[in-house]
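Right, one structure below, let's go through it.
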Amino acid sequence: QEARIKEQEKLAVVGQMAAGMAHEIRNPLASVRGFAQLMSEKIGKVNSTFKEYMEIMIQEIDQADNFINNFLQLARPKAPSMQRCSLNELITSFVHIFESQAFIQGVKVETDLQKDLPLITIDKDQIKQVLLNLCQNALQALERQGRILLVTRYHQAEKEVCLSVIDNGPGIPPENLDKLGTPFFTTKDKGTGLGLSISYTIVDSHRGRIEVDSQPGRGTCFSVYLPVDEQF
Ligand code: ADP
């Protein structure tokens, strides 16, 4: 019993250290990102090669930032801070940023958002993180000429909204489907295997679920189902 309490205390300390480190790293990263963005806009007008370099820098910073977010979520899960919001708006503002990242890799991002989608009660930051994880996976799976499609739908009978992230990449081999969401499962050289596991945990804490439909050679569809509040 006492050993277990010690163990938990140790974990709490690790979590706090992780949070402190993350803070110290993310702030300077955010500042570098801001200046890179500014330079990309200024220099981009006169030199397209430099613009591309700056965009790559921004992309790498975003990747590091996302890794820190995922790691932090694992080391010190935050209780969701729920607020009512429009999933479509969240997606639109996300796509605005993600599009340019995808563009550099020759990948197109398209949306098919259902009008009059009911509002949902979610932790915006956490759901944005799920969206980013799914889109980054799609992007990493794609070659030039690839395409990512984001779709929202309202399933009235089930009282849930569905967000699908669809890519036309190589798909996931059937023998790997069961392993998705297992911490540290990755098939990538530089993968961490954290993205999906964190995403599953977040969606779980929203009383939702994630379903995967993948056809080798044709593409992958990750669907996130989130409940719509009863009273609406
Ligand atoms: P990581 O991206 O670090 O590998 P994830 O948990 O995000 O970790 O993903 C785990 C694995 O799931 C990936 O390594 C990849 O094999 C597979 N995967 C996830 N999304 C896709 C996708 N859209 N297309 C193909 N494979 C995917």
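Please enumerate the residues belonging to the stretch 46-94 that are closer than 27 Å to A12 by Cβ and among the β-branched types (V, I, T). Give the steps one after another, and end with the answer.
Step one: list which residues in the stretch 46-94 are closer than 27 Å to A12 by Cβ, which gives 64-82.
Correct list: I68 only.
Filtering the stretch 156-165 down to residues that are hydrophobic (A, V, I, L, M, F, W, C) and in contact with a strand residue (DSSP E or B) (Cβ under 9 Å, 6 or more places away or on another chain), which residue is farthest from the ligand (Cβ to nearest atom)?
Looking only at the stretch 156-165, we keep the residues that are hydrophobic (A, V, I, L, M, F, W, C), and these are 157, 161-163, 165.
Now narrow it down to the ones that are in contact with a strand residue (DSSP E or B) (Cβ under 9 Å, 6 or more places away or on another chain): 161-163, 165.
Details: V161: 21, C162: 17, L163: 14, V165: 8 Å.
So, considering only residues that are hydrophobic (A, V, I, L, M, F, W, C) and in contact with a strand residue (DSSP E or B) (Cβ under 9 Å, 6 or more places away or on another chain), the one farthest from the ligand (Cβ to nearest atom) is V161.
Of the residues in the stretch 101-118, how many are aliphatic (A, V, I, L, M), touching a Phe, Trp or Tyr at 6+ places or on another chain (Cβ under 7 Å) and more than 19 Å from D62 (Cα to Cα)? Full working, then the answer.
Narrowing the stretch 101-118 to residues aliphatic (A, V, I, L, M): 102, 104, 107, 109, 113, 117.
Okay, now just the ones that are also touching a Phe, Trp or Tyr at 6+ places or on another chain (Cβ under 7 Å), so 109, 117.
Next, from what is left, pick out any that are more than 19 Å from D62 (Cα to Cα): 117.
The total comes to 1.
Looking at (1) more than 25 Å from T121 (Cα to Cα); (2) in contact with a strand residue (DSSP E or B) (Cβ under 9 Å, 6 or more places away or on another chain), find the lone condition where Q37 falls short.
The failed condition is (2).
Tell me, which residue of the stretch 129-155 that is over 18 Å from the mean Cα position of the chain (by Cα) and modelled with pLDDT of 95 or more is nearest to the ligand (Cβ to nearest atom)? Walk me through how you get there before you give the answer.
First, the residues of the stretch 129-155 that are over 18 Å from the mean Cα position of the chain (by Cα): 143-146, 153-155.
Going one step further and asking which of them are modelled with pLDDT of 95 or more, we end up with 146, 153-155.
Details: G146: 10, R153: 19, Y154: 24, H155: 23 Å.
Checking each candidate, the answer is G146.
Output the number of residues of the stretch 188-222 satisfying the condition of being part of a strand (DSSP E or B), closer than 28 Å to K78 by Cβ and within 7 Å of the ligand (Cβ to nearest atom).
The first filter runs over the stretch 188-222 and keeps only residues part of a strand (DSSP E or B), leaving 209-215, 219-222.
The next check asks that each one be closer than 28 Å to K78 by Cβ; those that pass are 209-212, 222.
Subset that is within 7 Å of the ligand (Cβ to nearest atom): 222.
Number satisfying all stated conditions: 1.
Just name the residue that is farthest from the ligand (Cβ to nearest atom) out of those in the stretch 174-187 that are in a loop (DSSP other than H, G, I, E, B) and either of a type in the set (S, T, Y) or loosely packed, with under 11 Cβ neighbours inside 10 Å (or both).
Among those that are in a loop (DSSP other than H, G, I, E, B) and either of a type in the set (S, T, Y) or loosely packed, with under 11 Cβ neighbours inside 10 Å (or both), it is D178.
The values are calculated or read from the model by the stated rules, or taken from the named source; none is laboratory data. This structure is a prediction, so every number in the text was calculated from the model and none was measured. So basically every Cβ, Gly included, is an ideal-geometry build from the backbone, and we count neighbours across all protein chains shown.
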